[in-house]
Amino acid sequence: MLSKIATVAAFAAGALAHGTVNGVTINGQFEQGFLLDYYYANQNGQTPAEHIGWYAENLDNGFVEPNSFGEADIICHKAGSPKLSSDSMAKVAAGGTVEFHWTTWPESHMGPVITYVAPYTGDVESVDKTSLKWTKIQADGYADGEWAAVKMISQNNTWPVTVPESLAAGKYVFRHEIIALHGASSANGAQNYPQCLNIEVTGSGTETPEGVVGTSLYTADEDGIIFNPYAATINYNIPGPALWTGGSGSSTPAPTTGAGNGTATATPTAPAATSAAASSAAASAPAATSAAAEATPVASSTPVASSSPAPSSGAGESGSLPKTFTIETFIAWLEEAAGSSSNTKARRHARSLFF
């Protein structure tokens, strides 16, 4: 029985794979981010395609755990480095919108979507990531009964971020992140998925906030890192430093989108999100609506998927697989398939496959 459970669980784990940011769209123009394919190209002595993303070794689409918040991997993911991006960068006007495209994301991994910026000068390849000072310009957690990460899925795996109009022109590293909370009820259970990209900000802004070094963004035991997302009532405080007053998000009035005139961005064309080869195939990505309309960023003209319901204990009739389920209900089904409640070893194994 355990071997059957392991087989089914392995299949399910593949279907619920985590994602990465494969690029951004600015003013309808897609800019290629870092792809895991580039890691292997580099290993084989090949030159990756031009891109604006930071190199990272999250080859399993994995995460950074809270116990590693004081280490450099939390800054731009595992072994994060600008070494393959040279000085390639996108450009956005202050007050404009950057749409971040995720390759894939499971609804079970509910949590906040957060964006930081850190200024730098000179060649990005010479940047010491541990010295970068990060300012939070966007933060959305739980609003209107839906987690930001789940809402992102319904927006064609896209999250639009408005660049504050007052942000000074210059070179920046943008750090875009999802924190998955499905295991955050326990210490070291949250999962951080940061991704970094090079973007130049243009315009007449004059403000350069001080920021915080990456290894000081979060603590492992703070509210919002340890959190039960399955509680009957959700009152979630987004972790990390305070949202900059020039930024957008659920905790501050949001500036308008577009080129500083309050208009929505044009509908972009973004690549399919599965591989480097697929990146050249276009898939329609939604346009961001005006952030002045509501605090949480929204992409338009995309069918809205229902948010993940709170887990229930039902695992289907007569041990059959439910037609629809969350990760918790699927685990419940696995436990039922493992046998009676007296078979505790099988039940614990079923749950350990996911947590």
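The values are calculated or read from the model by the stated rules, or taken from the named source; none is laboratory data. Quantities reported herein were computed from a predicted structural model and do not represent experimental measurements. Virtual Cβ from ideal backbone geometry, glycine too; neighbours counted across all protein chains shown. Quick note on the areas: whole protein, heavy atoms, side chains included, nothing else; ligands and nucleic acids left out. Shrake-Rupley method; radii C 1.70, N 1.55, O 1.52, S 1.80 Å.
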Listed residues T245, T256, T215; which is at pLDDT below 95, under 17 Å from Y116 (Cα atoms), open to solvent by 10 Å² or more (accessible area, probe 1.4 Å) and not aromatic (F, W, Y)?
T245
Kindly check whether there is at least one residue in segment 165-177 that is of a type in the set (D, E), within 22 Å of A79 (Cβ to Cβ) and in contact with a Ser or Thr (Cβ under 9 Å, 6 or more places away or on another chain).
yes
Restricting to segment 104-127, count the residues that are at pLDDT 95 or above and either under 21 Å from Y39 (Cα atoms) or within 22 Å of the chain's Cα centre (by Cα) (or both).
15
Within segment 121-157, take every residue that is of a type in the set (K, R) and either in a strand (DSSP E or B) or open to solvent by less than 10 Å² (accessible area, probe 1.4 Å) (or both) and give me the one that is farthest from V212 (Cα to Cα).
K136
Among the residues of segment 50-64, write down those that are surrounded by fewer than 17 Cβ atoms within 10 Å (Cβ to Cβ) and modelled with pLDDT of 90 or more.
E50, E57, G62
